[in-house]
Every structure is written in structure tokens, then in C-alpha cells.
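Heads up: the structure comes next, in C-alpha cells.
Every number here is computed from the coordinates shown, using simple stated rules; none is lab data. Note that the coordinates shown come from a computational prediction; the quantities given were computed from them, not determined experimentally. Neighbour counts are summed over all protein chains in view; Cβ atoms, including those assigned to glycine, are modelled from backbone coordinates with ideal geometry.
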Amino acid sequence: MTAMIHDLPSAWHVDQACMSEDERLVIIRFGKADDREVMAQDELLYKVADRVRNFAVIYICDNQKVPDFNQMYELYDKCTVMFFWRNKHMMCDFGTGNNNKLNFPINDKQELIDIVEVIYRGAKKGRGLVNSPKDYSTRYKY
Amino acid sequence: MQKVEDALQKGSDISNHGMVLEDDPEYQLIVDCNALSVEIENEIMIIHNFIRGKYHVKFPELESLVHHPIDYARVVKKIGNEVDLTLVDLEGLLPSAVIMVVSVTASTTSGKPLPEEDLNKTIDACDRALALDSAKKKVLDFVESRMGYIAPNLSAIVGSAVAAKLMGTAGGLSALAKMPACNVQLLGAKKKTLAGFSTATSQFRVGYIEQTEVFQTTPPSLRMRACRLLAAKSTLAARVDSTRGDPSGNTGRAFREEIRKKIEKWQEPPPAKQPRPLPVPDSEPKKKRGGRRLRKMKERYAITDMRKLANRMQFGIPEESSLGDGLGEGYGMLGQAGNGKLRVSIGQSKLAAKVAKKFKEKPFGSGGATSGLTSSLAFTPVQGIELSNPQAHANQLGSGTQSTYFSETGTFSRIKRT
């Protein structure tokens, strides 16, 4: 039984998605589906969705069709992934300077699973900010 | 021998009829045939021994090279009194490998040619053996042709030829029915193949069952299981037949169907692996281990008595410290009055205490007579020879629950002993 990644067509759906889950982390990918980076990230998310389905659920949202969250979450990148726990947004220190979201491409399936697990553990304990297991600070070389 | 010939004639006559008048006489004949085939076997055995004994003078090694009595008889007949085996053509009698071995052995044999009298007797015996063999074949053929009538269930499973052979070897249908299935499996099993060939390929523990259609159509990896299954079901069928429980043969056909289905099931591939999702983190508590090994490991990091003393302080007495004047690490009760020594001996660990106790309880040694070398001096690793036993003092500190302030063994710090 493969876990599906559902698309959230409106702001109401996004809200409902965040509020509906009590026991699982909610992961939402914001981005336009045609973009190359977004597609690569989606591919990874699809692979991971089945493995983490006991403690995380993944959704997809096109933020050009649903522009309500663009200002709130500052979604100006091509592809952003955000994490929510019980309607509260989770922060994770990746080393990139932006703890609120994951706005860089991740290439390794296992890395993504690790990040999801760490955020889940922290969220379960009641923390708002967790540290990512791998440091991505040298991602963007200036 | 005469009886054999008569019965044979009668048998072949009726087999020409192909028609049955009544149940019982026909059946009785079959039973007789079976008994007959067993008798023939015994006769052949006796003759074989006779031939062996006679031919031992000429060619002793032959009997260990060629086991089968009929083959032996044929070979003996062919070789006769010949010394040079290159003049004898054994093609068709034996497999070529065995022919080779026989020829080689013959060239180095210790045997001598037989006298005329003995030779004639031997050849005669061989002829008889061969005649008996052909008679047996006829009997078996006859039985086989009637097999569908005698034992329909058994022949439905293994086929009439094999059923006839099984019955013949067992000595009758009821004899076959009485056998356990493991014996039925081995009926007709050949002896070990010789001539130095490897036994890795030889099929092991399979008799006439090997010749059944079912067995031949199973893949080699499943053959042993199939053999056992066949033997079991055919034994059941034989039992049904011996009591004439199902003359139509439906039970046998049902068994055969069952066997076929089972073999098919064995061959189907295992179910596909479903990838499992990861478990929720921290949902399964970690399995903590225990035991002696772990305790020993923990001892290495346990708080020592020295550290315990250093952690505590006496009331009203300022502790000494490493840099003096309250700076640096404090020494607590180390070195204060009531102890007298800065060094605290290591103290026996709890495990060692247990072991020592067990050791004491066991009645060891020479039962009372102590060694003349024991002394009350105790050797410590730290201070060399000490008269007092440091182990006794070491556990004075005890666990943290025992208070040193109110302890019975502790002293007042200011009151000097008079």
C-alpha cells in the first residue's frame, strides 16, 4: 500500500491539513509542479512518503494557485518544504540561516528521512526548534 | 520347478482370455502369482549362491563387481572357462564402465580354470536362473495386466507397472498393505553402485516409486519430498485395495489429484515482499540489557569510595581544597579526622564479594588442613604489607543511604580518644 501525496487546492485545505493530524507531522511542499527543482524534490518526497507514513504525512501545494501563504511564510523560493505539528509550525536549524523552512534541494532519501525523524522527535517532546542531523551551511557557497 | 511351469501355463492361458468370470478365483490366482514371484526370487538367490560358490575358483572378484544375480549368471555363462577376457564380448550385458573394470580385474585374477564337470554344472545353473527370471517376468506381466482389476486405487496413483512390481516384491497385496510407508518407499531400491564412481549423483532411498510418472515429472529438488508423499498415499491406497473398500478406484484418483496439487503448490514462488514503513520514533522502548557483563562494564564508571568521601562534608569543619583557601577542588571528608588516610583502598566490588562468598561456601581444598603458608598479613597493592585487612575497612562507606554523620562506626571529630 503506497502512501499518496495529496494536492491541496485551496487555503482551506491547507488549514484543514495542518489541523487534522494529531499524531503525525504534517509536511507541505510549496511550489509550482512544473519546475525542475520542484519535480526533483517531489520525486524524493514520493519515495519517502511510504516509509515515514507512520509518523508523517506529506502534502503538496501550488503556491501560485494558493497565494494566501506566500507573505505569511515568505515563500519566495522555487520549492519550499515546511513542517507542522498540531497546527504549529516547526523550526529546524539546517545551518543555512533560515530555520523556518527547507528551501534547498535535498538529494538523499535517507537524509530526508533523518530530518523528518528528528523534527518528529522534537515535536513530540514539545520543542519548537530542533537541530538537523546534517549541517547544510556550505550548501550555498558565496 | 515343475509346479512353476504348470502355474505359468495356467497363468498365461487365462491372461489370453482377458475376461473375468468371477471375482474370487481370478483374485486367488493373482495372490498365487505374487507368492510365486517371491518364491522365484528365493530360488534365484539360492542358484546365485551356488553359481558364486562354483565360480569362485575361476574368478573370485566377479561376485563383488557384479551384484545382480541375473547379470552375474549371464556374465558367467558368457565367460565360461575363458581365461583371456579380450576374447569375450560383454557388450549389452553390463554397462561399459563395469565391463572395463571386469576386464582389468580378470587380467590380474588369482583364479584358475574350472574342471569340465564343474563348468557344466555352473552353466546349467546359470540357464536355470535365467529361465526363472524370464518366468518371473511373465508372471509380473500377467499381474500387471490385471492390476487395474486387483488394485485399482494403487494403480491409479503409481501406474499398473509399478503397482505390479511393488506387489510382487512385497509378496501380495495384503503384505504390501501391512508395510509402513517408509518400507514401501524402499521396495526395489538398488544397492550401492560400485566401480569407484561418486555416490553424489546416485538417487538415494528410492525404489520402484522412482519409475512412476509423477516422480519423473517432478523437478529434481522436490524429488525426495515427492517420493515420500507418493509412498504414503500409495500405502493408503494399497490398504483400501486390500480390503476391497473402493473397487471403482475413485479413492486412488482422488489421492493422485491431491498429490498433483501438493507438488504444484511446492513449486509456486514465495509471496512478494511488501516494503514496511518505518516505525514511529521512540514508540518502541529500547531493550535494556542486564547481566554480569554489563555490571562489570558499569563498575568501570561507577563512583568510587574516594569520590564519595570527597563529595561529602562534615558539619562545621571547613574542607581542604586543592588550591587552598576554598579555591580549587574540595576534598570533602577525604583526609579529615576519623579516617586517618588520604588514600582509600579500592574496596571489593559487589560482584567480587558474591564470588568470594560462593567460594567460601564450596568445600574446597584438603578439607580442613590449611596450608602452612597462610598468614594474617595482608598484601595490598597500595601500601605493601599491612597488618590490618584493608578489605574489611573498605566497605565502611557502604551505600549512600547509610549516613556517615549518624553512623555507629564513625567518630566524633573533636573528641580525642583517651
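So what J values fall out for the range A:73-88 if you push phi through Karplus, 6.51 cos²θ - 1.76 cosθ + 1.60 with θ = phi - 60°, rounded to Hz, Gly and Pro as x?
With coefficients 6.51, -1.76 and 1.60, one gets 9, 6, 8, 10, 8, 5, 9, 10, 10, 10, 10, 10, 10, 6, 6, 10 Hz.
Could you list A:R121, B:R289 so that the one with the fewest beta carbons within 10 Å of its beta carbon is first and the one with the most is last?
Working: A:R121 16, B:R289 7.
In increasing order of surrounding Cβ atoms, one gets B:R289, A:R121.
Report ³J(HN,Hα) in whole Hz for each residue of the range B:139-147, in order, from the Karplus equation J = 6.51 cos²θ - 1.76 cosθ + 1.60 where θ = phi - 60°; Gly and Pro get x.
These are the phi-based 3J(HN,Hα) values: 4, 5, 4, 4, 4, 4, 5, 9, 4 Hz.
For A:H6, which sequence-distant residues (separation of 5 or more, or a different chain) have an amide H within less than 5 Å of its own amide H, given hydrogens modelled in the peptide plane?
It is A:I60, by chain and number.
What distance in nm lies between label points placed 7 Å from Cα along the C-beta direction at B:K357 and B:E284?
3.8 nm
Around A:S10, under 14 Å between beta carbons, what's the net of Lys plus Arg minus Asp minus Glu among the other residues?
Working: positive: A:K65; negative: A:D7, A:D15, A:D62, A:D68.
Value of the local net charge: -3.
Can you give the longest run of chain A that contains no GluC sites (Glu not before Pro) sitting in a DSSP loop with at most 14 other Cβ atoms inside 10 Å?
Working: sites that count: A:E23, A:E74.
Answer from the scan: A:75-142.
Between B:S221 and B:E91, what FRET efficiency comes out of the Förster formula 1/(1 + (r/R0)^6) with R0 = 41 Å and r the beta carbon distance, rounded to 0.05?
Efficiency computed from Cβ-Cβ geometry: 0.70.
For a Förster distance of 25 Å, can you work out the FRET efficiency between the beta-carbons of B:D141 and B:E258, rounded to the nearest 0.05? Can you show the working numbers first?
Details: r = 30 Å, r/R0 = 1.20.
Calculated transfer efficiency: 0.25.
Taking the Cα-to-Cβ direction at B:Q314 and at A:N98 and moving 7 Å from each Cα, how far apart do the two end points lie in nm?
6.7 nm
Fewest first, what order do B:E299, B:E43 take by the number of other Cβ atoms within 10 Å? Provide the component values of the computation, followed by the final result.
On the way: B:E299 13, B:E43 17.
Fewest-to-most Cβ neighbours within 10 Å comes out as B:E299, B:E43.
Which lysines does A:K134 reach when only Cα atoms under 29 Å apart count, and residues fewer than 8 places away in its own chain are ignored?
A:K32, A:K47, A:K78, A:K88, A:K101, A:K109, A:K124, A:K125, B:K286, B:K287, B:K288
Using R₀ = 30 Å, calculate the FRET efficiency as 1/(1 + (r/R₀)^6) where r is the Cβ-Cβ separation of B:R205 and B:D84; round to 0.05. Present the calculation step by step, with values, prior to reporting the outcome.
Working: r = 41 Å, r/R0 = 1.36.
Efficiency at R0 = 30 Å is approximately 0.15.
Simple spin-label model, 7 Å along Cα-to-Cβ: B:T108 to B:Y301 in nm?
7.4 nm
Counting only other residues whose beta carbon sits under 11 Å from that of B:N153, what net charge do I get with K and R as +1, D and E as -1? If you can, show how the numbers build up before the last one.
Details: positive: B:K233, B:R239, B:R244, B:R253, B:R256; negative: B:D241, B:D246.
Net charge around B:N153: +3.
Report, by chain and number, residues whose modeled amide H sits under 5 Å from the one on A:N131, excluding near sequence neighbours (fewer than 5 apart, same chain).
Long-range HN contacts for A:N131: A:D93.
Where does each of B:W266, A:W85 land when they are ranked from fewest to most other beta-carbon atoms within 10 angstrom?
Values: B:W266 14, A:W85 23.
Arranged by neighbour count, lowest to highest, B:W266, A:W85 become B:W266, A:W85.
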